[in-house]
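The values are calculated or read from the model by the stated rules, or taken from the named source; none is laboratory data. Computed from a predicted model, the values in this text were never measured in an experiment. When we count neighbours, we look across all protein chains shown, and the Cβ atoms used for this are built from the backbone with ideal geometry, even at glycine. The area values use the complete protein model at the heavy-atom level, side chains included, leaving out ligands, DNA and RNA. Shrake-Rupley method; radii C 1.70, N 1.55, O 1.52, S 1.80 Å.
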Amino acid sequence: MTQMEHAKRGRITEAMRYVASVEGTEADDLRRRIAAGVAIIPMNVRHDFNPIGVGQGLSTKVNANIGTSGHHQQLHEELDKLRVAIHCGSEMIMDLSTGDALDEVRRAIVARCSVILGTVPIYQAVADRGSVFALTADDLFGTIEKQAHDGVDFMTVHCGVTREAVRRLDGAGRIAGIVSRGGSMLASWIARTGEENPLYTGFDRLLDIAYEYDVTLSLGDGIRPGATADATDAAQIQELLTLGELTRRARERSVQVMIEGPGHVPIDQIEANVQLEKRICGGAPFYVLGPLTSDIGAGYDHITGAIGGALASAAGADVLCYLTPAEHLRLPTVEDVRDGVIATKIAAHSGDLAKGVFGARERDNQMSVYRKMLDWEGQYRLALDPEKARSIRRLSEDYDKAVCTMCGTLCSMALENTREKIGEILGAPEDGATHHHVRVGSPGYRKGRELQH
């Protein structure tokens, strides 16, 4: 039985209780959201880890992509990336491996993955057959079932790449065409065979597999824009309309669903894209790929994506897929993964501040207190990348003093603390009265916030 079916029957599972406690919400409120499909707990019955919730009222999650390439197959490197991504705070990992020995790669990653794990099954289905044109529906569904049995928690399935969507794409005059690997594979298969997408025509078969293992279907945007000039065109919207239809069918079967969103979107269209998805797909969790707000950030696309991600999160997106400095250029290194995750965590937290997510404002306020008190250790503890914050501080000549080399003796915080101390000495309460107000920045305030956090 899936988490969604338990929720519909009024049952609060242990997974729901755990997620509710982490997210600071009531377990029954979370259950109702899962029953409605606006929140999910992607957790295959064959994958053992602490459950993580995604969706309405919950913190914005970050996904990191790893995986071997046919041109660079080093499993130990991908396992290092997995470790670093989780250490830096990724709640979701996608294994996008291509090349050889894909079963071995996936099973090694599943065994070491303590967060939500996703895949794109068509990559392996095509690799195993040697060509997309040799692919059959049975090949594709066989791969999906095998990966579900191995413990994959969610799968990107490009069910909306239909003949009608491809027809609209061909008439749209796009700059970049189709940039999704899975989307391009299916569009090529449709063009060669003249048949409809088997993931669309065989959607009930897909639901059967997902229900058995409680695999979340990530309905992929195979016709997503890969250039800002291509965003929000007729082909993208046609695919989204199909995904809305399939979301309703999945919910009727108590299969959990999230929707994948566009990758390149001008900054003034991001909020509208989030609102469109939420409207068309009945509030289903939205997983956006960036989005990148400009196409000229080569080498810095983790920053370009974080800008778009912060706006998308604030507008209601539920998962941000990271980008790394290597995006569009090469397979990322371990350091690229670290930089990509941290940049995207900053974006997710910025969105959570705007959405009023539990604990987000308290963490920011506590960091401000630590800065006011020149408490370096406290700042390291709350920083998204404590190791980097500490290493930068260590490069200062004044690393062990209550100043930094930016301001030195002119440090505004030091001067302000001195001014307030003088005010405390000169401003004793009259008539023996006692002040009970604890000033922001005082040790008492700091301790209280730590306890609350």
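Roughly how much of residue 223 is accessible, in Å² to the nearest 10, using a 1.4 Å probe?
0 Å²
What angle, in degrees between 0 and 90 and rounded to the nearest 10, separates the Cα long axis of helix 301-315 from the longest principal axis of the Cα atoms of the chain?
On a 0 to 90 degree scale, this one is about 90.
Pull up the cross-link candidates among the aspartates and glutamates for residue 61, meaning alpha carbon to alpha carbon under 13 Å and not fewer than 8 places away within one chain.
Residue 61 reaches 23, 91, 318, 352.
Among 225, 177, 340, which residue has its Cα positioned farthest towards the positive end of the charge dipole of the chain, with +1 placed on the Cβ of Lys and Arg, -1 on the Cβ of Asp and Glu, and the dipole taken about the Cα centre?
The one lying farthest along the dipole's positive direction is 340.
Using only the alpha carbon atoms of the chain, find the Kirkwood hydrodynamic radius as the inverse mean reciprocal pair distance, in angstroms to one decimal.
Across the chain, the inverse of the average 1/r is 23.4 Å.
Relative to the first principal axis of the alpha-carbon coordinates of the chain, what is the inclination of helix 270-280, with its axis defined by its Cα atoms, in degrees from 0 to 90 and to the nearest 10?
50 degrees
Would you please put 201-213, 37-49 in order of how densely packed they are, using the mean number of other Cβ atoms within 10 angstrom per residue and starting with the highest?
37-49, 201-213
Dipole of region 131-194 (Lys/Arg Cβ +1, Asp/Glu Cβ -1, origin at the Cα centre): which of 136, 165, 151 lies farthest to the positive side?
In region 131-194, that residue is 165.
For n ≥ 4 DSSP H runs only, could you compute -39500 (n - 2.57) per run for the chain, divide by its residues and tell me the 222 nm figure to the nearest 500? List each step's numbers first, then the result.
Details: 20 runs with 229 residues, N = 453.
Calculated from helices alone, the mean residue ellipticity at 222 nm is -15500 deg cm²/dmol.
Would you mind working out the magnitude of the charge dipole of region 278-411 relative to its Cα centre, with +1 at each Lys and Arg C-beta and -1 at each Asp and Glu C-beta, to the nearest 20 Debye?
380 debye
Antiparallel DSSP bridges in the chain: what percent, to the nearest 5?
That works out to approximately 10 percent antiparallel.
How charged is the neighbourhood of residue 65? Take every other residue with its Cβ under 10 Å from the Cβ of residue 65, and add Lys/Arg as +1 and Asp/Glu as -1.
-1
Give me the log10 of I(q) over I(0) for region 204-361 at q = 0.20 Å⁻¹, as the Debye formula computes it from C-alpha points; what are the numbers?
One equal scatterer on each Cα of region 204-361 leads to -1.21.
Heavy-atom accessible area of residue 23 with all protein chains present, probe 1.4 Å, nearest 10 Å²?
We get 20 Å² for residue 23.
Rank by packing, highest mean first: peptides 249-258, 415-424, with packing defined as the count of other Cβ atoms within 10 Å averaged across residues.
Ranked from most to least packed, the peptides come out as 249-258, 415-424.
So which of 81/401; 345/401; 8/278; 372/421 end up more than 25 Å apart, counting from Cα to Cα?
81/401; 345/401
Using a 4.7 Å Cβ cut-off, which Cys residues in the chain lack a partner cysteine?
When partners are defined as cysteine Cβ atoms under 4.7 Å apart, the chain leaves 88, 113, 159, 281, 321, 404 without one.
Would you mind computing, in nm to one decimal, how far apart the modelled labels at residue 195 and residue 83 are, each placed 7 Å from Cα along Cα→Cβ?
Those two pseudo-labels are separated by 4.5 nm.
Lys and Arg at +1, Asp and Glu at -1: add these up for the other residues within a Cβ distance under 11 Å of residue 221 and post the number.
After counting each charged neighbour, the total is -2.
In what sequence, highest mean first, do 308-319, 377-388 appear when ranked by Cβ atoms within 10 angstrom? Mind showing how you got there, number by number?
Numbers: 308-319: 27.0, 377-388: 15.3.
Those peptides, ordered most packed to least, come out 308-319, 377-388.
Would you tally the net charge around residue 331, using a Cβ to Cβ cut-off of less than 11 Å, leaving residue 331 out, and scoring K and R as +1, D and E as -1?
Values: positive: 81, 330; negative: 77, 78, 327, 336.
Counting the neighbours of residue 331, the net charge comes to -2.
May I ask for the angle, rounded to the nearest 10°, between helix 14-23 and the longest principal axis of the chain, with both axes built from Cα atoms and the value confined to 0 to 90°?
Its long axis makes an angle of about 40 degrees.
For region 239-342, with the dipole built from +1 on Lys and Arg beta-carbon atoms and -1 on Asp and Glu ones, taken about the Cα centre, which of 274, 254, 326 lies farthest toward the positive end?
Going by the charge dipole, the pick is 254.
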